[in-house]
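A quick write-up on the structure given underneath.
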Amino acid sequence: MTGTIGGRLRALDVFRGAAIAGMILVNNPGDRGSTYAPLLHAEWHGWTPTDLVFPFFLFAVGVAIPYAFARRLEEAGGERGPLYRQIVRRTLILLALGLLLNWFPFVGREWSTARLPGVLQRIALVYLFASLAFLHLEARGRLMLSTGLLSGYWLALKLVPVPGHGAGDLSAAGNLAGYVDAALLGDHVWRYAPGPADPEGVLSTVPAVVSALAGIFAGEWLRSGREARDKLIGLFVWGGLLLAGGLALAGWMPLNKNLWTSTYVVFTSGFALVVLAVTFYFVDLRQRDGWALPFDVLGKNSIVAFVGSGFMARLLARIRWQGGEAEAVTLKSWLYGGLLASWLPGKLASLVWALLFVTVWLGLMAVLYRRKIFIKI
């Protein structure tokens, strides 16, 4: 037994769907000022469960590459031209969707400070470079590339001086990634960032590529002809080693999602391997997957769910009217206040709103799922 059914890794859809559910959940609290701590990003150094969801998704992007590319290469008779066109097409679509999501609804937008980076933009660039690495490098070459990117980024953060702060300053105000973002992007960054660095900025995208490369290694391992038991043990062993390594090295390079530090990549990749192993065991090997159906539904149309939920959140915040004492009331505040905040404690109300948001999009994706409509970008 190889642990896959019909050549498809069912655990991947579940894993990806769980990551998307997490992204929608943490992006849409009822009141960000009244949110349980695990559903907030770490203020700077350190991590919370929220800091796992995006690297998990990038890891899933990497896992999918060997599965998708092998099939497409077979269909094209080994010709890479169609695959290159697909890579470029998908990259451009993701970049365009990211910019549309950032700038929506366009009217009244202050274009001098409109954000350029974003989650979808990072997914696009990571997918592009990870895909090319898969096509042009063998496993050893990708390992050397991963090591070089993480080591080079570590050394750059530690050794390259930042004007006014010197070298090795990893504070929100004085780090190298922030300096690069300020120089290249100016005011076109996330306005709520703790420093000048955008959470999906230019320099920090470099180590983020390794999050997907780690997924490629996992995907190739699971596609191999090894016994399912060996695959499972390998995922757990490497996941545990990377988890321990990331934590052990955090004393020299802190875990930091905003900077996407090298230790953060190692730690989150290890965590992702362990979670994927557990999912693989229950979904593909034991086929005890009743609990996994909601995540499978979201995972089959993950980008649609993420983009759609983003547009919905922005509409709820932009539709507004004059309330009492000339204060503007948004559709979100009206719904949230009337349905939840008026009778539930603050943090619980905020969590229930976020869960309802996930449920709405789970329901919409379930319609597509039942009709076997899977939108691939």
Under the classification rounded if a/c is under 1.5, otherwise prolate if a/b is larger than b/c and oblate if not, where does segment 1-128 fall, given a ≥ b ≥ c as square roots of the Cα gyration tensor eigenvalues? oblate
Can you match percent of Cα pairs over 34 Å apart to one of these, (i) 33; (ii) 18; (iii) 29, based on a calculation from the structure here? (iii)
Among 88, 283, 188, which residue has its Cα furthest toward the positive end of the charge dipole of the chain, with +1 on Lys/Arg Cβ and -1 on Asp/Glu Cβ? 283
Once the piece of chain linking residue 159 and residue 184 is laid out straight, how much longer is it, given 0.36 nm per residue of separation minus the C-alpha distance between them? 7.0 nm
Need one number: nm distance between label points at residue 359 and residue 104, each 7 Å from Cα along Cα→Cβ, rounded to one decimal. 2.3
FRET E, pair residue 227, residue 143, Förster distance 25 Å, beta-carbon r, rounded to 0.05: 0.60
Counting only pairs 8 or more residues apart or on different chains, how many lysine pairs in the chain have their Cα atoms under 30 Å apart? 13
Label point distance in nm, residue 8-residue 113, each placed 7 Å from Cα along Cα→Cβ: 4.6
Segment 1-73 to segment 196-213: how many Å between their Cα centroids? 16
Nitroxide proxy distance, nm - points 7 Å out along Cα→Cβ at residue 314 and residue 173: 3.2
Given charges at beta-carbon only (K, R positive; D, E negative), |dipole| of segment 59-200 in Debye: 320
Note down the magnitude of the dipole of the chain about its Cα centre, charges +1 on Lys and Arg C-beta and -1 on Asp and Glu C-beta and zero elsewhere, to the nearest 20 debye. 1060
Count neighbours as other Cβ atoms within 10 Å of each site's Cβ, and list the trypsin sites (Lys or Arg not before Pro) in segment 148-229 that are DSSP loop with at most 16 such neighbours. 191, 226
Could you compute the FRET efficiency for residue 136 and residue 96, with r as their C-beta to C-beta distance and R0 at 25 Å, rounded to 0.05? 0.45
At 20 angstrom or more along the helix axis (alpha-carbon based) and mean Kyte-Doolittle of 0.0 or higher, what helices does the chain contain? Whole DSSP H runs only. 10-27, 50-75, 81-103, 119-136, 139-159, 205-223, 228-249, 262-279, 302-318, 346-370
Between residue 348 and residue 70, 0.36 nm times their residue separation minus their Cα-Cα distance comes to what? 95.5 nm
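Coordinate-derived values only; no laboratory data. Keep in mind the model is a prediction, meaning the values are calculated, not measured. Please note: Cβ atoms are built from the backbone with ideal geometry, for glycine as well, and neighbour counts cover all protein chains shown.
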